[in-house]
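The values are calculated or read from the model by the stated rules, or taken from the named source; none is laboratory data. The shown structure was predicted, so the numbers you read here are calculated from the model rather than taken from an experiment. Reconstructed Cβ throughout: ideal geometry from the backbone, glycine too, with neighbour counts over all protein chains shown. To get the accessible areas, we keep the full protein, side chains included, count just its heavy atoms, and leave off ligands, DNA and RNA. Shrake-Rupley method; radii C 1.70, N 1.55, O 1.52, S 1.80 Å.
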Amino acid sequence: MKISGTGSALPKQVVTNDMLSQFLDTSDEWIKTRTGVSSRFVISDEKLEDLAAEAAEKALKDAGIKAEDLDFIICSNVVNEYITPQLSCIIQGAIGATCPCIDINCACAGFIHAVEMAEAFYQAGKVRNVLIVCAEEPTRMTDWSDRRTCVLFGDGAGAAVLTPGDNIKSVKLSASSATEKLWQYRTLQPTPYITKDEMDVPLQMMGQDVFKFAVTAASKDITRALNDSQIAASDVDYYLLHQANIRIINAIQNYLEQPADKFPTNVENHGNSSSSCCPILLDECNRKGMFKKGDKIAMSAFGAGFVSGALVMEW
Ligand code: COA
């Protein structure tokens with residue numbers, strides 16, 4: 001397949017580090033130095049499904065495809081206000097599509113997993129045009145009195161339309177269960193029979209362990225995808241990486257021994273918007289006109305699970 005169109009949509013509320021330091025024991029200096037984040041977009045009165053539909057419509061317009069031409073919709077999402085129905089079905093109705101759809105939760109690595117699924121369906125002859133939408137509101141998962149987590153995240157939606165082609169050269173996914181490193185519990189409705197203890201626990205994170213996993217997994221995944229597609233690291237024009245922390249991005253860049261200008265970032269003014277990071281960054285680069293036909297692009301993301309993945313494609 002090939003990516004024929006991209007789109008994104010963001011909440012209007014911008015929250016700066018100085019705004020956070022008004023109610024948290026933190027500072028602009030600490031957050032910028034440790035993460036690279038200066039500000040993030042945070043959901044206030046918006047609904048995530050509306051941002052998702054807006055990103056989808058922009059991607060369809062960019063691709064020159066009508067919603068009724070879609071054969072499948074994949075939505076990557078960790079949390080939203082609905083437990084059911086799935087977000088992909090809400091998006092399907094909002095944009096006027098009639099095709100089947102599915103939600104996936106592969107945490108921050110959802111976009112790479114969605115591309116792998118789209119490509120597999122395409123190779124099996126089941127689809128021609130696929131819409132991927134990543135829509136996330138991780139700011140609703142964190143405890144806003146916990147300075148170790150809430151400063152890291154932002155919200156938003158990113159989308160991509162995939163159409164027939166052989167531009168996706170390789171996708172490599174991996175998983176290694178580490179449920180105690182990055183997790184959140186929610187309580188379900190009680191029943192007369194529930195006897196176990198249940199807790200509502202906001203997002204918990206062993207930051208340094210996640211950091212190490214992220215650098216190792218991304219470096220491995222990208223190397224595997226490059227080897228598989230027989231493309232050298234130096235031949236890649238752009239590396240679009242999960243925007244969790246500028247220090248993680250710099251460590252992966254050092255591992256690959258590639259110049260910094262091949263690594264566009266937006267972590268500075270978005271923070272980590274989970275699986276939306278990759279398609280939002282892709283859309284921003286696309287709309288700036290950075291990509292030309294034939295450019296080689298590597299993407300990589302990692303997240304809770306742990307799960308991770310990388311892809312190599314030609315623009
Ligand atoms: N403001 C000020 N101080 C803070 C702070 C904040 N927002 N958050 C933590 N601190 C403090 C800690 O309490 C600790 O203080 P102490 O030494 O008195 O105990 C100190 O800063 C150092 O904390 P530490 O956790 O060791 O910092 P770090 O350099 O590892 O940076 C992260 C923390 C979270 C930024 C970093 O570990 C990270 O980015 N990890 C990966 C997270 C990630 O990517 N998650 C999403 C994956 S998809």
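Amide H contacts for residue 128 (H built 1.01 Å from N in the peptide plane; partners 5 or more residues away or on another chain; cut-off under 5 Å): 71. I need the phi-derived Karplus couplings for region 250-265: 6.51 cos²θ - 1.76 cosθ + 1.60, θ = phi - 60°, integer Hz, Gly and Pro marked x. Taking θ as phi minus 60°, the curve returns 5, 5, 5, 4, 5, 4, 7, 6, 10, x, 4, 6, 8, 10, x, 9 Hz for region 250-265. Charged neighbours of residue 18, selected by a Cβ distance under 13 Å, balance to 0 (K, R count +1; D, E count -1). For the chain, carbon and sulfur atoms together expose 49% of the accessible surface, with a 1.4 angstrom probe and every protein chain in place. When nucleic acids and ligands are ignored and a 1.4 Å probe is applied, residue 70 ends up with an accessible area of around 10 Å².
As a check on your grasp of the helix formula, calculate [θ] at 222 nm for the chain: sum -39500 (n - 2.57) over DSSP H runs of n ≥ 4, divide by the residue count, round to the nearest 500. My calculation for the chain gives -9500 deg cm²/dmol from helical runs alone. Rounded to the nearest 20 debye, the dipole magnitude of region 2-166 is 280 debye, with +1 charges on Lys and Arg beta carbons, -1 on Asp and Glu beta carbons, and the Cα centre as origin.
Under 5 Å between amide hydrogens, built in the peptide plane, is the criterion, and for residue 240 it picks out 298, 299, 300 among residues at least 5 positions away or on other chains. Take every DSSP beta bridge whose two residues both sit in region 2-166; close to 65 percent of them are antiparallel. Across the chain, C-alpha contacts under 8 Å between residues 6 or more apart give a mean separation that, scaled by the residue count, equals a relative contact order of 26 percent.
Expected output is a single nm value to one decimal: the length gained when fully extending between residue 174 and residue 30, i.e. 0.36 nm times separation in residues minus the C-alpha distance. What is it?
So the chain would gain 48.6 nm between residue 174 and residue 30.
Accessible surface for region 170-314, divided over its residues, is 48 Å² per residue with a 1.4 Å probe. For the chain, the mean projected area of the C-alpha convex hull, equal to one quarter of the hull surface, is 16.6 nm². The order of the peptides 167-175, 14-22, 48-56 by mean Cβ neighbours within 10 Å, most packed first, is 48-56, 167-175, 14-22.
Where the centre of each part is set by its Cα atoms, how far does region 90-130 sit from region 1-75, in angstrom? About 19 Å separates the Cα centre of region 90-130 from the one of region 1-75. log10 I(q)/I(0), Debye, Cα-only region 170-314, no solvent, q = 0.16, 0.17 Å⁻¹? Scattering profile of region 170-314, log10 relative to I(0): -0.84, -0.93. In this structure, the amide hydrogen of residue 104, modeled 1.01 Å from its nitrogen in the peptide plane, lies closer than 5 angstrom to those of 75, 76, 77, counting only residues at least 5 positions away or on a different chain.
Which residue, 194, 246, 102, tops the fluctuation ranking in a GNM of the chain built on C-alpha contacts under 10 Å? Fluctuation is largest for 194.
Length gained on full extension, residue 292 to residue 258, computed as 0.36 nm times the residue gap minus the Cα-Cα distance: 10.3 nm.
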